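Reading through the structure tokens given below for one structure.
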Amino acid sequence: MTERVEADGARWALVFIRELGHPPQKVWAALTEPGRLSQWAPFDAGRDLSRTGDVVLTMVDGPDRTDTAATVLRADAPRLLEHTWGGDVLRWELEETPGGTRLTLRHVFDGRDAAPLYAAGWHICADVLVKLLDGVPVGVIRGRDAMEHGWEALRAAYEKSL
């Protein structure tokens with residue numbers, strides 16, 4: 001696990017790296033296929049993200065649904081996925097390693113103070129993603145449900161470390 005925050009022009013980037021014991025093709029499917037994405041990510045996708053163009057990402061928080069316009073900017077399977085999420089940009093890089101895949105998320109956003117919040121959320125999402133890839137899905141944890149799974153403690157820890 002590696003996390004850091006760095007300047008990205010007038011914005012900020014959370015760089016979030018995880019080593020996954022699965023090949024890039026399997027990780028790519030989890031990042032792009034709506035049925036898999038909805039099992040670990042903070043949003044559902046209105047279509048497969050493996051091709052460029054507009055898409056709707058729906059934030060899900062219990063019974064609440066919020067549609068957010070997004071655009072897939074790059075989709076180079078199974079190495080690079082870059083898309084907007086509202087005003088943010090998410091860049092997912094997959095590098096094959098001897099043990100599987102190094103997944104690097106570069107989340108570009110406004111307001112440095114948001115970094116610990118995003119880091120805590122992506123931390124929980126990444127833990128759920130690992131379980132899904134391992135074949136033992138635990139069910140999606142997002143929105144208010146994340147509070148019951150250590151989100152506040154993670155946010156506080158990231159506030160100190162970032």
Subject >> Residue list for segment 70-81, restricted to those being surrounded by 19 or more Cβ atoms within 10 Å (Cβ to Cβ) and without any contact (Cβ under 8 Å) to a residue 40 or more places away in the chain >> reply: 70, 72
Original post:
Is one or more of the residues making up segment 90-113 in contact with an Asp or Glu (Cβ under 8 Å, 6 or more places away or on another chain), under 20 Å from residue 47 (Cα atoms), surrounded by fewer than 19 Cβ atoms within 10 Å (Cβ to Cβ) and not small (Gly, Ala, Ser)?
Top reply: yes
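Please return the ranges of strands (runs of 3 or more DSSP E) entirely within segment 38-142 where 1 or more residues are among the β-branched types (Val, Ile, Thr) and at pLDDT 95 or above. I'd like the intermediate steps shown before the answer.
Numbers: elements: 43-45, 53-61, 64-76, 80-85, 88-97, 100-109.
The strands (runs of 3 or more DSSP E) meeting that bar are 53-61, 64-76, 80-85, 88-97, 100-109.
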**OP:** Find all pairs meeting these conditions: Cβ atoms under 8 angstrom apart; at least six residues apart or on different chains; first residue within segment 42-64 and touching a residue at least 12 places away in the same chain (Cβ under 8 Å) and on the phi > 0 side of the Ramachandran plot; second residue exposed (fewer than 15 other Cβ atoms within 10 Å of the Cβ) and of a type outside the set (A, V, I, L, M, F, W, C).
**Re:** 53/71; 62/144
**OP:** Only residues in segment 1-23 that are more than 21 Å from residue 96 (Cα to Cα) and touching a residue at least 60 places away in the same chain (Cβ under 8 Å) count as the first member; pair them with residues that are surrounded by fewer than 14 Cβ atoms within 10 Å (Cβ to Cβ) and among the hydrophobic types (A, V, I, L, M, F, W, C), Cβ under 9 angstrom, at least 6 apart or cross-chain, and list the lot.
**Re:** 13/7
Subject >> Given (1) part of a strand (DSSP E or B); (2) in contact (Cβ under 8 Å) with a residue 40 or more places away in the chain; (3) β-branched (Val, Ile, Thr); (4) closer than 23 Å to residue 139 by Cβ, index of the condition residue 27 fails >> reply: (1)
Subject >> segment 115-141 residues that are on the phi < 0 side of the Ramachandran plot and buried (at least 19 other Cβ atoms within 10 Å of the Cβ), paired with ones that are part of a helix (DSSP H, G or I) and of a type in the set (Asp, Glu) (beta carbon under 6 Å, 6 or more apart) >> reply: 116/159
Subject >> Count of residues meeting criterion [over 17 Å from the mean Cα position of the chain (by Cα) and hydroxyl-bearing (Ser, Thr, Tyr)] in segment 134-162 >> reply: 1
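Test residue 84 against the stated conditions and say whether it is out of contact with any helix residue (DSSP H, G or I) (no Cβ under 9 Å at 6 or more places or on another chain) and surrounded by fewer than 21 Cβ atoms within 10 Å (Cβ to Cβ). Walk me through it before giving the result.
Numbers: out of contact with any helix residue (DSSP H, G or I) (no Cβ under 9 Å at 6 or more places or on another chain): yes; surrounded by fewer than 21 Cβ atoms within 10 Å (Cβ to Cβ): yes.
Criteria met by residue 84.
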Subject >> Checklist (1) within 23 Å of residue 153 (Cβ to Cβ); (2) buried (at least 17 other Cβ atoms within 10 Å of the Cβ) applied to residue 37, failing item >> reply: (1)
Original post:
Of all residues in segment 1-22, how many are more than 14 Å from residue 90 (Cα to Cα) and surrounded by fewer than 15 Cβ atoms within 10 Å (Cβ to Cβ)?
Top reply: 9
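The values are calculated or read from the model by the stated rules, or taken from the named source; none is laboratory data. Since we're looking at a predicted model, the values are computed, not measured. Note: ideal-geometry Cβ built from the backbone for every residue, glycine included; neighbour counts use all protein chains shown.
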